[in-house]
Amino acid sequence: MASALGRHCVQFIRTPTATISSHLRRRYPLHTQVLYRYLSSDNSVSTRPLADDELSAYRRDGFSILRNVYTTEEIDLLRETVLQDQTLKENVMNMVDGSGKMSRLTLWRHDGDDTYGMFSRGRRMVEFAKAAQESTDDGVYHFHTKIMLKQPHVGGRWEWHQDFGYWYEVGCLQPEKMLSIMVAIDDATLENGCLEVLRGSHKLGRLHHGNTGEQVGADPWALEKAIDLLDVVPCEMKAGDVLMLHSNTLHKSNANTSDKWRRCMIVAFTTKDCQPKPDTIAPLYFAMKCVPDSAIMEMGIKGRATDSVEDFLHHDDNVNSFKLDEQAEAAESAK
């Protein structure tokens, strides 16, 4: 039995959480429980490694959905933190889409010693980012974290865009080093406005972007051509699932027409050799302090610190930073 358990322990380290629950824990419930607690407290080991086919999908399609990454208890904790976090509520941005409907988001640039930071600095998420970037612990860094809120019947749509359409404007030049990792706090469906992606669009390069309402959207002519060429894929997710998204992948989401919330946390990563220009709305490199996967439950409910207000991105700064770029282009064209 000892040798058999040893072989299963090696498999355990390489096996996604859902398979662990149904396969190993049923056969060795006490042993795997102890092993899981040990691994989740080890800062060098992820309790949910990225599978080869998941990474291959990311490289081929520009996105990959990872199932059962976070437990029900961890997601319940994150959801309750969002509900109770007064600092979050005081720094929310209301973003109006082209039809006048509104989505809400909160964005901050530096990860903290709070519940959100235990997710963004946790070994699971950091290993996902490193694998996508082919980076290292001292190379990867936190670009920003967003909490996205789509209220029932109220939450507006997000226009088709590439994240790199924004990030290029602050001086980042290597889209393959940049990605977003989305954690579903609620189930995401077509009815409540789940993310939709254009499969393989990361291979098209960066498209020109312009303002649509208070959002930045991809050039309509190029977008129409891209949609003719490629498949639109809805990313329906269960709470606790994760979406890895390449920075050049075109994506959008429709308005929430359902009776249910759609909330998610999105953590953007870049690398030390792909930094923005100084004096922009984006942060320069700072070393991440990774934490073990167990840190989420150990932290409990802890929102953003009240003295972190200056680290939030505010509505006018966000909108004006891209309008200024349009003004500069117009001035250059007039010469």
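The values are calculated or read from the model by the stated rules, or taken from the named source; none is laboratory data. All values reported here derive from a predicted model rather than from experimental measurement. All Cβ positions, even for glycine, are placed from backbone atoms using ideal geometry, and neighbour counts span all protein chains on display. Ligands, DNA and RNA are excluded from the accessible area calculation, which covers all protein heavy atoms including side chains. Shrake-Rupley method; radii C 1.70, N 1.55, O 1.52, S 1.80 Å.
The numbered conditions (1) closer than 23 Å to PRO220 by Cα; (2) surrounded by 18 or more Cβ atoms within 10 Å (Cβ to Cβ); (3) out of contact with any Pro (no Cβ under 7 Å at 6 or more places or on another chain) are all true for ARG104 except (1). All of (1) more than 27 Å from HIS246 (Cα to Cα); (2) in a loop (DSSP other than H, G, I, E, B); (3) in contact with a Phe, Trp or Tyr (Cβ under 8 Å, 6 or more places away or on another chain) hold for TYR285 with one exception: (1).
Determine whether the range 140-155 contains at least one residue that is closer than 26 Å to SER56 by Cβ and either of a type in the set (Phe, Trp, Tyr) or more than 15 Å from the chain's Cα centre (by Cα) (or both). Within the range 140-155, one or more residues are closer than 26 Å to SER56 by Cβ and either of a type in the set (Phe, Trp, Tyr) or more than 15 Å from the chain's Cα centre (by Cα) (or both).
Filtered by the rule that a residue be more than 23 Å from ASP241 (Cα to Cα) and not in a strand (DSSP E or B), the range 100-112 gives GLY100, LYS101, ARG109, HIS110. Of all residue pairs spaced 6 or more apart or on separate chains, those with beta-carbon atoms under 7 Å, a first member in the range 119-130 that is free of Cβ contacts under 8 Å to residues at least 40 places away in the same chain and a second member that is of a type outside the set (Lys, Arg) are LYS130/THR136; LYS130/VAL140.
With respect to PHE143, determine if the residue is assigned to a strand (DSSP E or B), of a type outside the set (Lys, Arg) and buried (at least 23 other Cβ atoms within 10 Å of the Cβ). Answer is yes for this residue.
Considering (1) buried (at least 17 other Cβ atoms within 10 Å of the Cβ); (2) out of contact with any helix residue (DSSP H, G or I) (no Cβ under 8 Å at 6 or more places or on another chain), the lone condition that PRO175 does not fulfil carries the number (2).
For the range 282-335, the set of residues classified as over 27 Å from GLU74 (Cβ atoms), touching a helix residue (DSSP H, G or I) at 6+ places or on another chain (Cβ under 7 Å) and modelled with pLDDT of 90 or more consists of ALA282 only. Restricting ASP231, ASP259 to residues that are open to solvent by 80 Å² or more (accessible area, probe 1.4 Å), within 14 Å of GLY62 (Cα to Cα) and modelled with pLDDT of 95 or more narrows the list to ASP231. Inclusion of THR81 among residues that are among the hydroxyl-bearing types (Ser, Thr, Tyr) and in a helix (DSSP H, G or I) is warranted.
With respect to GLU169, is the statement that it is at pLDDT below 95, under 28 Å from VAL126 (Cα atoms) and open to solvent by 10 Å² or more (accessible area, probe 1.4 Å) true? Yes; evaluated as a whole, the condition is true for this residue. Of all residues in the range 146-161, exactly one satisfies the criterion of being at pLDDT 90 or above, surrounded by 23 or more Cβ atoms within 10 Å (Cβ to Cβ) and within 21 Å of SER64 (Cβ to Cβ), namely TRP160.
Across the range 288-318, the number of residues qualifying as touching a Ser or Thr at 6+ places or on another chain (Cβ under 6 Å) and assigned to a loop (DSSP other than H, G, I, E, B) comes to 7. Looking across SER253, SER258, SER247, one residue alone is farther than 17 Å from ILE147 by Cα, out of contact with any helix residue (DSSP H, G or I) (no Cβ under 8 Å at 6 or more places or on another chain) and hydroxyl-bearing (Ser, Thr, Tyr). It is SER258. Quick one: would you say PRO278 is in a loop (DSSP other than H, G, I, E, B) and either open to solvent by less than 60 Å² (accessible area, probe 1.4 Å) or within 21 Å of MET95 (Cβ to Cβ) (or both)? In short, no.
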